Amino acid sequence: YQHLLLIGAAKIAFNFLLFEWFFIGIENFRFITHRNIAIRLIYVIAVFALIKRPEDYVLYYALTALLFGLNAIINIYYLRRYIKLQYNKRILLPLFKPYLKLGFYVILNSTYTTFNVAFLGFAANEEQVGYYVTAIKLYTIVVSLFSAFSGVVLPRMSLLLANNQVEDAKRLIEKSFELLFTFSFPLIILTIYFAPEAVHLLSGSAFDGAIIPMYIVMPLVFIVGILEILITQVLMPLKKENLILINAIVGAAITVILSLALVPHLQSTGSALVLFLSQLVIMVLSFRIVARHFPFGFPVKKLIQQTLASLPIVLICNLSSFIGYPVWIRLIIVATLTTVYFLLCQNYIVKNEIVISFTNAAKTKLWHIVAK
(Lines give C-alpha, C1' and ligand atoms only; values in the text may rest on other atoms or scores of the structure.)
Protein backbone atom coordinates (compact mmCIF):
# COMPACT_ATOMS: atom_id res chain seq x y z
CA TYR A 1 0.00 0.00 0.00
CA GLN A 2 2.91 2.35 0.70
CA HIS A 3 4.21 1.72 -2.83
CA LEU A 4 0.75 2.40 -4.28
CA LEU A 5 0.39 5.62 -2.27
CA LEU A 6 3.77 6.88 -3.48
CA ILE A 7 2.99 6.00 -7.09
CA GLY A 8 -0.45 7.65 -6.75
CA ALA A 9 1.17 10.84 -5.41
CA ALA A 10 3.62 10.81 -8.33
CA LYS A 11 0.71 10.38 -10.77
CA ILE A 12 -1.11 13.40 -9.27
CA ALA A 13 2.09 15.48 -9.46
CA PHE A 14 2.66 14.51 -13.10
CA ASN A 15 -0.98 15.27 -13.90
CA PHE A 16 -0.55 18.75 -12.40
CA LEU A 17 2.47 19.35 -14.68
CA LEU A 18 0.75 18.16 -17.88
CA PHE A 19 -0.25 21.65 -19.13
CA GLU A 20 -2.73 19.86 -21.40
CA TRP A 21 -5.13 22.78 -21.07
CA PHE A 22 -2.60 25.04 -22.82
CA PHE A 23 -2.42 22.92 -25.97
CA ILE A 24 -6.21 22.49 -26.00
CA GLY A 25 -6.58 26.25 -25.57
CA ILE A 26 -4.36 27.07 -28.57
CA GLU A 27 -6.11 24.21 -30.47
CA ASN A 28 -2.88 22.36 -31.24
CA PHE A 29 -4.66 19.02 -31.54
CA ARG A 30 -2.15 17.69 -34.06
CA PHE A 31 0.56 17.69 -31.37
CA ILE A 32 -1.80 16.15 -28.78
CA THR A 33 -2.83 13.35 -31.16
CA HIS A 34 0.72 12.45 -32.28
CA ARG A 35 2.02 12.52 -28.70
CA ASN A 36 -0.84 10.37 -27.36
CA ILE A 37 -0.46 7.74 -30.09
CA ALA A 38 3.31 7.45 -29.56
CA ILE A 39 3.17 7.30 -25.75
CA ARG A 40 0.23 4.91 -25.56
CA LEU A 41 1.93 2.61 -28.04
CA ILE A 42 5.00 2.53 -25.78
CA TYR A 43 2.70 1.94 -22.78
CA VAL A 44 0.89 -1.01 -24.41
CA ILE A 45 4.18 -2.64 -25.45
CA ALA A 46 5.58 -2.17 -21.92
CA VAL A 47 2.47 -3.73 -20.34
CA PHE A 48 2.60 -6.80 -22.58
CA ALA A 49 6.36 -7.14 -22.08
CA LEU A 50 6.55 -6.61 -18.30
CA ILE A 51 3.21 -7.59 -16.75
CA LYS A 52 3.14 -11.38 -16.45
CA ARG A 53 1.53 -12.26 -13.10
CA PRO A 54 -1.25 -10.92 -10.82
CA GLU A 55 1.50 -9.88 -8.37
CA ASP A 56 2.78 -7.34 -10.92
CA TYR A 57 -0.05 -4.91 -10.12
CA VAL A 58 2.39 -2.45 -8.48
CA LEU A 59 4.51 -2.43 -11.65
CA TYR A 60 1.36 -1.96 -13.74
CA TYR A 61 0.30 1.04 -11.65
CA ALA A 62 3.84 2.42 -11.85
CA LEU A 63 3.74 2.17 -15.67
CA THR A 64 0.44 4.06 -15.64
CA ALA A 65 2.01 6.82 -13.51
CA LEU A 66 5.03 6.92 -15.85
CA LEU A 67 2.62 7.40 -18.75
CA PHE A 68 1.56 10.68 -17.13
CA GLY A 69 5.19 11.52 -16.38
CA LEU A 70 6.32 11.05 -19.97
CA ASN A 71 3.38 13.16 -21.15
CA ALA A 72 4.36 15.91 -18.71
CA ILE A 73 8.04 15.90 -19.78
CA ILE A 74 7.16 16.12 -23.50
CA ASN A 75 4.58 18.86 -22.84
CA ILE A 76 6.99 20.97 -20.78
CA TYR A 77 9.74 20.62 -23.43
CA TYR A 78 7.32 21.53 -26.26
CA LEU A 79 5.79 24.34 -24.20
CA ARG A 80 9.11 26.23 -24.31
CA ARG A 81 8.40 26.99 -27.97
CA TYR A 82 5.52 29.21 -26.90
CA ILE A 83 6.23 30.63 -23.45
CA LYS A 84 8.84 30.91 -20.72
CA LEU A 85 7.72 29.21 -17.50
CA GLN A 86 8.02 31.29 -14.36
CA TYR A 87 6.11 31.73 -11.10
CA ASN A 88 3.96 34.85 -10.83
CA LYS A 89 1.70 35.15 -7.78
CA ARG A 90 -0.31 38.06 -9.22
CA ILE A 91 -1.33 35.96 -12.21
CA LEU A 92 -1.88 32.66 -10.40
CA LEU A 93 -4.01 33.84 -7.45
CA PRO A 94 -7.01 35.08 -9.52
CA LEU A 95 -7.01 31.70 -11.32
CA PHE A 96 -6.83 29.64 -8.14
CA LYS A 97 -10.45 30.03 -7.03
CA PRO A 98 -12.18 28.89 -10.29
CA TYR A 99 -9.54 26.17 -10.73
CA LEU A 100 -10.29 24.89 -7.21
CA LYS A 101 -14.04 24.86 -7.90
CA LEU A 102 -13.61 22.92 -11.13
CA GLY A 103 -11.25 20.56 -9.29
CA PHE A 104 -13.97 19.82 -6.73
CA TYR A 105 -16.40 19.34 -9.62
CA VAL A 106 -14.12 16.69 -11.16
CA ILE A 107 -13.76 14.93 -7.79
CA LEU A 108 -17.52 14.95 -7.13
CA ASN A 109 -18.18 13.86 -10.71
CA SER A 110 -16.11 10.74 -10.12
CA THR A 111 -18.62 9.77 -7.42
CA TYR A 112 -20.91 8.36 -10.10
CA THR A 113 -18.37 5.65 -10.95
CA THR A 114 -15.98 5.17 -8.01
CA PHE A 115 -18.54 5.41 -5.19
CA ASN A 116 -20.94 3.07 -7.01
CA VAL A 117 -18.29 0.39 -7.32
CA ALA A 118 -17.00 0.83 -3.75
CA PHE A 119 -20.45 0.83 -2.14
CA LEU A 120 -21.56 -2.16 -4.23
CA GLY A 121 -18.53 -4.05 -2.93
CA PHE A 122 -19.56 -3.29 0.68
CA ALA A 123 -23.29 -3.91 0.19
CA ALA A 124 -23.00 -7.05 -1.95
CA ASN A 125 -19.92 -8.99 -3.03
CA GLU A 126 -17.12 -9.12 -5.61
CA GLU A 127 -19.31 -11.06 -8.03
CA GLN A 128 -21.85 -8.22 -8.19
CA VAL A 129 -19.02 -5.69 -8.62
CA GLY A 130 -17.82 -7.76 -11.58
CA TYR A 131 -21.29 -7.65 -13.17
CA TYR A 132 -21.53 -3.88 -12.74
CA VAL A 133 -18.02 -3.13 -14.03
CA THR A 134 -18.66 -5.36 -17.06
CA ALA A 135 -21.97 -3.58 -17.73
CA ILE A 136 -20.37 -0.12 -17.85
CA LYS A 137 -17.32 -1.04 -19.97
CA LEU A 138 -18.84 -0.12 -23.36
CA TYR A 139 -20.66 2.88 -21.86
CA THR A 140 -17.37 4.24 -20.47
CA ILE A 141 -15.59 3.90 -23.84
CA VAL A 142 -18.35 5.66 -25.79
CA VAL A 143 -18.76 8.47 -23.24
CA SER A 144 -15.00 9.09 -23.14
CA LEU A 145 -15.03 9.58 -26.93
CA PHE A 146 -17.73 12.26 -26.69
CA SER A 147 -15.93 13.84 -23.71
CA ALA A 148 -12.84 14.16 -25.90
CA PHE A 149 -14.95 15.91 -28.53
CA SER A 150 -16.34 18.32 -25.91
CA GLY A 151 -12.78 19.11 -24.79
CA VAL A 152 -11.97 20.05 -28.37
CA VAL A 153 -15.03 22.31 -28.65
CA LEU A 154 -14.45 24.06 -25.28
CA PRO A 155 -11.73 26.55 -26.39
CA ARG A 156 -13.68 27.45 -29.53
CA MET A 157 -16.83 28.12 -27.49
CA SER A 158 -14.84 30.22 -25.01
CA LEU A 159 -13.42 32.32 -27.84
CA LEU A 160 -16.83 32.85 -29.46
CA LEU A 161 -18.45 33.93 -26.18
CA ALA A 162 -15.48 36.15 -25.28
CA ASN A 163 -15.94 37.94 -28.62
CA ASN A 164 -19.71 38.15 -28.06
CA GLN A 165 -20.38 35.95 -31.11
CA VAL A 166 -23.50 34.48 -29.52
CA GLU A 167 -25.18 33.29 -32.72
CA ASP A 168 -22.06 31.44 -33.84
CA ALA A 169 -21.85 29.83 -30.38
CA LYS A 170 -25.49 28.70 -30.63
CA ARG A 171 -24.84 27.17 -34.06
CA LEU A 172 -21.85 25.28 -32.65
CA ILE A 173 -24.00 23.92 -29.81
CA GLU A 174 -26.65 22.85 -32.31
CA LYS A 175 -23.96 20.99 -34.30
CA SER A 176 -22.86 19.24 -31.11
CA PHE A 177 -26.43 18.11 -30.42
CA GLU A 178 -26.79 16.93 -34.01
CA LEU A 179 -23.56 14.91 -33.72
CA LEU A 180 -24.81 13.36 -30.47
CA PHE A 181 -28.22 12.45 -31.93
CA THR A 182 -26.65 11.03 -35.10
CA PHE A 183 -24.31 8.55 -33.44
CA SER A 184 -25.81 7.87 -30.00
CA PHE A 185 -29.12 6.36 -31.13
CA PRO A 186 -27.63 3.65 -33.41
CA LEU A 187 -25.03 2.83 -30.72
CA ILE A 188 -27.69 2.52 -28.01
CA ILE A 189 -29.91 0.30 -30.18
CA LEU A 190 -27.05 -2.01 -31.19
CA THR A 191 -25.56 -2.35 -27.70
CA ILE A 192 -28.93 -3.00 -26.04
CA TYR A 193 -29.99 -5.56 -28.67
CA PHE A 194 -26.66 -7.38 -28.55
CA ALA A 195 -26.04 -6.91 -24.81
CA PRO A 196 -25.86 -10.68 -24.11
CA GLU A 197 -23.37 -11.20 -26.95
CA ALA A 198 -21.34 -8.15 -25.88
CA VAL A 199 -21.13 -9.41 -22.28
CA HIS A 200 -20.06 -12.88 -23.41
CA LEU A 201 -17.41 -11.45 -25.74
CA LEU A 202 -16.07 -9.04 -23.10
CA SER A 203 -16.14 -11.25 -20.03
CA GLY A 204 -17.52 -14.71 -20.82
CA SER A 205 -20.81 -16.53 -20.18
CA ALA A 206 -20.19 -16.49 -16.41
CA PHE A 207 -21.10 -12.79 -16.40
CA ASP A 208 -24.73 -13.10 -17.52
CA GLY A 209 -25.63 -11.05 -14.44
CA ALA A 210 -24.20 -7.99 -16.23
CA ILE A 211 -26.82 -8.09 -19.02
CA ILE A 212 -29.67 -6.32 -17.17
CA PRO A 213 -27.38 -3.58 -15.75
CA MET A 214 -26.09 -3.05 -19.29
CA TYR A 215 -29.67 -2.55 -20.55
CA ILE A 216 -30.09 0.17 -17.92
CA VAL A 217 -26.72 1.88 -18.41
CA MET A 218 -26.40 2.16 -22.21
CA PRO A 219 -29.14 4.85 -22.70
CA LEU A 220 -26.87 7.04 -20.56
CA VAL A 221 -24.73 7.56 -23.68
CA PHE A 222 -27.44 9.99 -24.80
CA ILE A 223 -28.02 11.60 -21.37
CA VAL A 224 -24.33 12.06 -20.53
CA GLY A 225 -23.73 13.35 -24.06
CA ILE A 226 -26.26 16.11 -23.38
CA LEU A 227 -24.59 16.81 -20.03
CA GLU A 228 -21.20 17.18 -21.76
CA ILE A 229 -22.70 19.79 -24.09
CA LEU A 230 -24.48 21.73 -21.34
CA ILE A 231 -21.63 21.75 -18.82
CA THR A 232 -18.40 21.56 -20.86
CA GLN A 233 -19.54 23.50 -23.92
CA VAL A 234 -21.90 26.05 -22.34
CA LEU A 235 -21.48 26.59 -18.59
CA MET A 236 -17.67 26.33 -18.49
CA PRO A 237 -17.12 28.91 -21.28
CA LEU A 238 -19.66 31.15 -19.49
CA LYS A 239 -17.48 30.84 -16.33
CA LYS A 240 -20.35 29.52 -14.20
CA GLU A 241 -18.08 27.50 -11.90
CA ASN A 242 -20.35 28.04 -8.87
CA LEU A 243 -23.36 26.58 -10.65
CA ILE A 244 -21.32 23.67 -12.03
CA LEU A 245 -20.09 22.88 -8.51
CA ILE A 246 -23.60 23.08 -7.01
CA ASN A 247 -24.82 20.75 -9.75
CA ALA A 248 -22.07 18.25 -8.92
CA ILE A 249 -22.86 18.43 -5.17
CA VAL A 250 -26.54 17.69 -5.87
CA GLY A 251 -25.53 14.79 -8.14
CA ALA A 252 -23.17 13.33 -5.53
CA ALA A 253 -25.85 13.61 -2.82
CA ILE A 254 -28.44 11.88 -5.01
CA THR A 255 -25.91 9.13 -5.79
CA VAL A 256 -25.27 8.47 -2.09
CA ILE A 257 -28.99 8.54 -1.11
CA LEU A 258 -30.11 6.29 -3.98
CA SER A 259 -27.21 3.90 -3.35
CA LEU A 260 -28.27 3.47 0.29
CA ALA A 261 -31.87 2.86 -0.82
CA LEU A 262 -31.41 0.60 -3.86
CA VAL A 263 -28.05 -1.18 -3.88
CA PRO A 264 -28.49 -3.40 -0.78
CA HIS A 265 -31.65 -4.89 -2.34
CA LEU A 266 -30.98 -4.81 -6.11
CA GLN A 267 -27.18 -5.11 -6.02
CA SER A 268 -25.53 -4.57 -9.46
CA THR A 269 -28.88 -3.71 -11.04
CA GLY A 270 -29.40 -1.16 -8.25
CA SER A 271 -25.99 0.43 -8.95
CA ALA A 272 -26.91 0.74 -12.63
CA LEU A 273 -30.23 2.38 -11.66
CA VAL A 274 -28.42 4.79 -9.33
CA LEU A 275 -26.07 5.82 -12.13
CA PHE A 276 -28.96 6.29 -14.56
CA LEU A 277 -31.26 8.23 -12.21
CA SER A 278 -28.54 10.51 -10.82
CA GLN A 279 -27.36 11.49 -14.30
CA LEU A 280 -30.96 12.04 -15.43
CA VAL A 281 -31.63 14.41 -12.51
CA ILE A 282 -28.40 16.32 -13.20
CA MET A 283 -29.32 16.65 -16.87
CA VAL A 284 -32.70 18.21 -15.94
CA LEU A 285 -31.02 20.61 -13.48
CA SER A 286 -28.39 21.55 -16.09
CA PHE A 287 -31.10 22.35 -18.63
CA ARG A 288 -32.77 24.68 -16.11
CA ILE A 289 -29.47 26.44 -15.33
CA VAL A 290 -28.53 26.88 -18.99
CA ALA A 291 -32.03 28.14 -19.84
CA ARG A 292 -31.54 31.00 -17.33
CA HIS A 293 -28.06 32.05 -18.49
CA PHE A 294 -27.76 31.08 -22.14
CA PRO A 295 -31.17 30.35 -23.70
CA PHE A 296 -30.95 28.50 -27.01
CA GLY A 297 -33.41 26.55 -29.09
CA PHE A 298 -33.11 22.84 -28.35
CA PRO A 299 -33.09 21.08 -31.76
CA VAL A 300 -36.30 19.08 -31.27
CA LYS A 301 -36.72 18.62 -35.02
CA LYS A 302 -33.25 17.06 -35.31
CA LEU A 303 -34.01 14.83 -32.31
CA ILE A 304 -37.22 13.48 -33.88
CA GLN A 305 -35.54 13.14 -37.28
CA GLN A 306 -32.61 11.10 -35.96
CA THR A 307 -34.90 8.98 -33.75
CA LEU A 308 -37.02 8.01 -36.77
CA ALA A 309 -33.90 7.46 -38.91
CA SER A 310 -32.56 5.01 -36.30
CA LEU A 311 -35.69 2.83 -36.07
CA PRO A 312 -34.88 0.65 -39.14
CA ILE A 313 -31.74 -0.47 -37.29
CA VAL A 314 -34.08 -2.32 -34.90
CA LEU A 315 -35.48 -4.19 -37.92
CA ILE A 316 -31.96 -5.08 -39.10
CA CYS A 317 -31.14 -6.44 -35.64
CA ASN A 318 -34.35 -8.51 -35.51
CA LEU A 319 -33.76 -9.97 -38.98
CA SER A 320 -30.28 -11.04 -37.89
CA SER A 321 -31.83 -13.49 -35.41
CA PHE A 322 -32.96 -15.63 -38.36
CA ILE A 323 -29.38 -15.99 -39.63
CA GLY A 324 -28.08 -19.41 -38.68
CA TYR A 325 -24.45 -18.42 -38.28
CA PRO A 326 -22.14 -18.13 -35.25
CA VAL A 327 -22.50 -14.96 -33.15
CA TRP A 328 -19.39 -13.23 -34.47
CA ILE A 329 -20.54 -13.67 -38.11
CA ARG A 330 -23.98 -12.28 -37.20
CA LEU A 331 -22.33 -9.27 -35.57
CA ILE A 332 -20.21 -8.61 -38.68
CA ILE A 333 -23.29 -8.87 -40.93
CA VAL A 334 -25.36 -6.55 -38.72
CA ALA A 335 -22.47 -4.06 -38.43
CA THR A 336 -22.04 -4.03 -42.22
CA LEU A 337 -25.77 -3.64 -42.98
CA THR A 338 -26.17 -0.97 -40.30
CA THR A 339 -23.19 1.02 -41.61
CA VAL A 340 -24.48 0.87 -45.20
CA TYR A 341 -28.00 1.90 -44.13
CA PHE A 342 -26.64 4.63 -41.85
CA LEU A 343 -24.51 6.23 -44.59
CA LEU A 344 -27.26 6.04 -47.23
CA CYS A 345 -29.91 7.39 -44.86
CA GLN A 346 -27.79 10.23 -43.46
CA ASN A 347 -26.43 11.25 -46.88
CA TYR A 348 -29.57 11.02 -49.03
CA ILE A 349 -32.65 11.04 -46.77
CA VAL A 350 -31.74 13.04 -43.66
CA LYS A 351 -29.03 14.97 -45.57
CA ASN A 352 -26.94 15.31 -42.44
CA GLU A 353 -24.20 17.87 -43.11
CA ILE A 354 -21.80 16.25 -40.60
CA VAL A 355 -22.03 12.80 -42.22
CA ILE A 356 -21.96 14.25 -45.75
CA SER A 357 -18.79 16.18 -44.89
CA PHE A 358 -17.19 13.07 -43.38
CA THR A 359 -18.19 10.91 -46.37
CA ASN A 360 -16.83 13.44 -48.87
CA ALA A 361 -13.55 13.68 -46.94
CA ALA A 362 -13.26 9.88 -46.90
CA LYS A 363 -13.95 9.71 -50.65
CA THR A 364 -11.29 12.35 -51.34
CA LYS A 365 -8.76 10.52 -49.17
CA LEU A 366 -9.54 7.19 -50.86
CA TRP A 367 -9.26 8.79 -54.32
CA HIS A 368 -5.81 10.17 -53.46
CA ILE A 369 -4.66 6.75 -52.23
CA VAL A 370 -5.94 5.02 -55.40
CA ALA A 371 -4.41 7.74 -57.63
CA LYS A 372 -0.99 7.21 -56.03
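The values are calculated or read from the model by the stated rules, or taken from the named source; none is laboratory data. Values in this document were obtained by computation on a predicted structure and should not be read as measured data. Using ideal geometry, Cβ is built from the backbone for each residue, glycine included, and neighbour counts are taken over all protein chains shown. Accessible surface is based on the protein model in full, side chains and every heavy atom, while ligands, DNA and RNA are left aside. Shrake-Rupley method; radii C 1.70, N 1.55, O 1.52, S 1.80 Å.
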inquiry  = Anything in region 355-372 that is in contact (Cβ under 8 Å) with a residue 12 or more places away in the chain and either closer than 25 Å to Phe194 by Cβ or open to solvent by 80 Å² or more (accessible area, probe 1.4 Å) (or both)? List them, or say none.
reply    = Val355
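One line per residue, one yes/no per condition, for (1) modelled with pLDDT of 75 or more; (2) part of a helix (DSSP H, G or I); (3) open to solvent by 40 Å² or more (accessible area, probe 1.4 Å):
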| site | (1), (2), (3) |
| --- | --- |
| Tyr99 | no, yes, yes |
| Val117 | yes, yes, yes |
| Tyr131 | yes, yes, no |
| Leu154 | no, yes, yes |
| Leu159 | no, yes, yes |
| Asn164 | yes, no, yes |
| Ile173 | yes, yes, no |
| Ser184 | yes, yes, no |
note = The helices (runs of 4 or more DSSP H) lying wholly within region 2-84 that contain at least 3 residues that are open to solvent by less than 90 Å² (accessible area, probe 1.4 Å) and modelled with pLDDT of 75 or more are 29-50, 57-79
ask   = Got a number for residues in region 355-367 being over 23 Å from Val314 (Cβ atoms) and either not in a helix (DSSP H, G or I) or not hydroxyl-bearing (Ser, Thr, Tyr) (or both)?
value = 9
request  = Just give me the residues in region 301-335 being within 20 Å of Pro196 (Cα to Cα), part of a helix (DSSP H, G or I) and not aliphatic (A, V, I, L, M), in sequence order.
outcome  = Cys317, Asn318, Ser320, Trp328, Arg330
request  = Report the residue count in region 336-354 for those that are part of a helix (DSSP H, G or I), in contact (Cβ under 8 Å) with a residue 40 or more places away in the chain and open to solvent by less than 70 Å² (accessible area, probe 1.4 Å).
outcome  = 4
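For (1) over 21 Å from the mean Cα position of the chain (by Cα); (2) more than 28 Å from Thr307 (Cβ to Cβ); (3) without any contact (Cβ under 8 Å) to a residue 24 or more places away in the chain, each residue gets a yes or a no:
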{"position": "Val224", "(1), (2), (3)": "no, no, no"}
{"position": "Glu228", "(1), (2), (3)": "no, no, no"}
{"position": "Ile231", "(1), (2), (3)": "no, no, no"}
{"position": "Lys240", "(1), (2), (3)": "yes, yes, no"}
{"position": "Leu245", "(1), (2), (3)": "no, yes, no"}
{"position": "Ala248", "(1), (2), (3)": "no, yes, no"}
{"position": "Ala252", "(1), (2), (3)": "no, yes, no"}
{"position": "Ala261", "(1), (2), (3)": "yes, yes, yes"}
query = Given Ile257, Ile216, which one is closer than 26 Å to Thr191 by Cβ, modelled with pLDDT of 90 or more and part of a helix (DSSP H, G or I)?
reply = Ile216
